[in-house]
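Taken together, the values in this text are just the output of simple stated rules run on the coordinates, not laboratory data. Bear in mind that the values here come from a model prediction, so they are computed numbers and not experimental data. So basically every Cβ, Gly included, is an ideal-geometry build from the backbone, and we count neighbours across all protein chains shown.
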Amino acid sequence: MSVELFGVLLGVFFTLAVYTFLYRENPYSRIAEYVFIGAATGYGIAYDLDWLKNQWVGTWSKTMEDSILFVLALLLAVLWYFRFSKRYFFLYRIPLAITVGTYIGLALRSVVFAQVIEQVRSTAALKVVGIDPWTAFNNLVTMIIVVCTLAYFTFTVRQEAAFWKPVNKFARYAMMIGFGSAYGYTVLTRMSLFIGRVQFLLGIPPNPPEAKMFFPWVALVLLGTLLGYDYYKKTKK
Amino acid sequence: MSLLRRVEIPIAITIIFALIQVIPYFVNMGPAVEATQDKVVRWTLIVSTGALLVGLTSLLLIHVPRVTRRRTHWEYSLLLIAFMFLMTIIGLPFPELNLGLTGYWFSFFYNNVLTPLSASLYAILAFYITSAAYRAFKARSLEAALLLISGTILVLRNAPLGTFLIPQIADLGDWIFNIPNMAVNRAIMIGGGLGAMVLGIRVLLGYERGYLRGGE
């Protein structure tokens, strides 16, 4: 068996091993879970090291000043390891503070414009007169939903006055419609991923056609051993 | 040493690094300051790469004792460690040794192990959210009914069979997704943005210290 064929066999095995979890938790699904965590962590580290090397070669090795800064950054990166020491835990706080500080600064820059000002501006800019009735209706619905949903999450004032009740009720209804549609969209996204895996197992192009050959045999082995093991355990009792 | 242990030092570092990003963005300080600002972001990224290696150490601290003491499921832990080191070693950035992200063996394990596993694990959620919906989506109140109806419409809108059987569902599904769903998301985004701003200001003022907790 060539290496490429063995690769396809591995792909078929791991795909089916994940789906055996639908039957119940079993050794195959556990193998898939643990291998995934291990491989994903290894991939992350490899990606990290590659990025570091590219940074050094492409940017930080050009001048002496930059090289010193790069080495300093690496030394600070080592301080993350003091996370595991109770005594020297304070050293771990230094890279953490640098990272949190920078990301808070970046978030404050982007959040103010992208998430607050831009969203408020695009809602306020919606027209309800001088355009076709259907667009005007949609714009009006959008504005009312945005205002009511924001009002629903306003906790700085006590919502005791009579007008809050219909506002909150409408906001709840709108949110339920929104969450329902988000749910429907998520289900279909996952389903399309599942269809992708089925296409792989059936060897439909651009997937390797050899998968179709391995699929029934691997499925039979997994199913047979799982059912056989269950039967053995039952009769042993 | 006791001075270094003081929590005010990391708080001061946080404030300085946050202000480096915030001030030049709102006040025009010239291209030299902006270039320094970008450099600080890239420098911070180098510092933060160490955090992933901490993740590796955490995993080793959990799984190595499991293997050495032959605890329950130790065999799976051994598999995890083996694959973690395998992917790390074959991904080391030495292309002259046929290693690295573009190397043959790294691509082999990426395409035949990591990709099938991640795609299958994400896809298996389809079954669980569907079964959870079957249990949770019961039209006991008007809110629950609206959730159920809009969810069903969007599922039918995106499934080929739904639009084949009821062609009008496409327009209705699009309207729900583009108008009420977008408006709710916009409101939540504004609320989340305001929350993030408040959190950022609290960190800048040194009131938020939760992230520094731990140690002696």
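Charges at C-beta only: +1 for Lys and Arg, -1 for Asp and Glu. How large is the resulting dipole of the range B:70-216 about its Cα centre, in Debye rounded to 20? Please list the in-between numbers first.
Working: 10 positive and 7 negative charges, 104 e Å.
Charge dipole of the range B:70-216: 500 debye, to the nearest 20.
For the range B:65-150, the residue among B:G100, B:A82, B:I129 whose Cα projects farthest onto the positive side of the dipole built from Cβ charges is B:I129.
Projecting label points 7 angstrom from Cα along Cα→Cβ for A:T63 and B:A139 puts them 6.9 nm apart. The stretch between A:S192 and A:L75 holds 37.6 nm of extra length on full extension. This uses 0.36 nm per residue minus the Cα-Cα distance. For chain A, complete DSSP H runs whose alpha carbons reach 30 Å or more along their own long axis and whose mean Kyte-Doolittle score is 1.0 or higher are A:89-110.
Diagonalising the gyration tensor over the Cα atoms of the range B:96-216 and scaling each eigenvalue by 5 before taking the square root yields semi-axes of 37, 32, 16 Å, largest first. Legend: mean number of C-beta atoms from other chains within 10 angstrom of residue C-beta atoms, peptide A:52-65, equals 2. Taking one quarter of the surface of the C-alpha convex hull of chain A gives a mean projected area of 27.4 nm².
Projected label points at A:L223 and B:V64, each 7 Å from Cα along the beta carbon direction, are separated by 4.4 nanometres. Taken about its Cα centre, the range A:127-201 carries a charge dipole of roughly 200 debye when the Cβ of each Lys and Arg holds +1 and the Cβ of each Asp and Glu holds -1. Phi angles across the range B:33-39 convert, under the Karplus curve 6.51 cos²θ - 1.76 cosθ + 1.60 with θ = phi - 60°, into 3J(HN,Hα) values of 5, 4, 5, 5, 4, 5, 5 Hz, Gly and Pro given as x. In order along the range B:178-191, the phi-based Karplus estimate (6.51 cos²θ - 1.76 cosθ + 1.60, θ = phi - 60°) of 3J(HN,Hα) comes to 8, 9, x, 5, 5, 5, 4, 4, 5, 5, 5, 5, 5, x Hz; Gly and Pro are listed as x. For A:V157 and B:V198, a Förster radius of 22 Å and the Cβ-Cβ distance give a FRET efficiency of 0.85, rounded to the nearest 0.05.
Considering all C-alpha pairs of chain B, those separated by over 30 Å amount to 60%.
For B:L99, the amide hydrogen comes within under 5 Å of the amide hydrogens of B:F94, counting only partners 5 or more places away or on other chains and with H modelled in the peptide plane.
Here, P(r) means the percent of Cα pairs in each 10 Å bin from 0 to the largest distance; for the range B:1-90 it is 13, 25, 21, 20, 16, 5, 0. Taking θ as phi - 60° and the Karplus parameters 6.51, -1.76 and 1.60, the scalar couplings of the range B:69-82 work out to 9, 6, 6, 4, 6, 5, 4, 5, 4, 4, 4, 4, 4, 4 Hz in sequence order, x denoting glycine and proline.
Taking the Cα centre as origin and putting +1 on Lys and Arg beta-carbons and -1 on Asp and Glu beta-carbons, what dipole magnitude results for chain A, to the nearest 20 debye?
Numbers: 22 positive and 12 negative charges, 209 e Å.
Roughly 1000 debye, rounded to the nearest 20.
Out of every Cα-Cα pair in the protein assembly as shown, what percent are more than 38 Å apart? Of all Cα-Cα distances in the protein assembly as shown, 46 percent exceed 38 Å.
Is there a pair in A:K62/B:K39; A:K53/B:K39; A:K169/B:K138 whose C-alpha atoms are over 25 Å apart, and which pairs would that be? List each step's numbers first, then the result.
Working: A:K62/B:K39 14 Å; A:K53/B:K39 17 Å; A:K169/B:K138 19 Å.
As for pairs spanning more than 25 Å Cα to Cα, there are none.
Grouping the Cα pair distances of the range B:95-136 into 5 Å bins from zero gives a pair-distance distribution of 6, 21, 15, 13, 11, 10, 8, 7, 5, 3, 2, 0 percent in increasing distance order.
Given the convex hull of the Cα atoms of the range A:63-125, what is a quarter of its surface area in nm²? Before the final figure, lay out each step's value.
Values: hull surface 26.7 nm².
That works out to 6.7 nm², a quarter of the Cα hull's surface.
Between A:S85 and A:E25, the distance separating the two model label sites (each 7 Å from Cα on the Cα→Cβ line) works out to 3.7 nm.
Across every pair of different alpha-carbon atoms, what Kirkwood hydrodynamic radius in Å does the range A:78-160 reach? Spell out each step's value before the answer.
Working: mean 1/r = 0.0587 Å⁻¹.
So the Kirkwood estimate lands at 17.0 Å.
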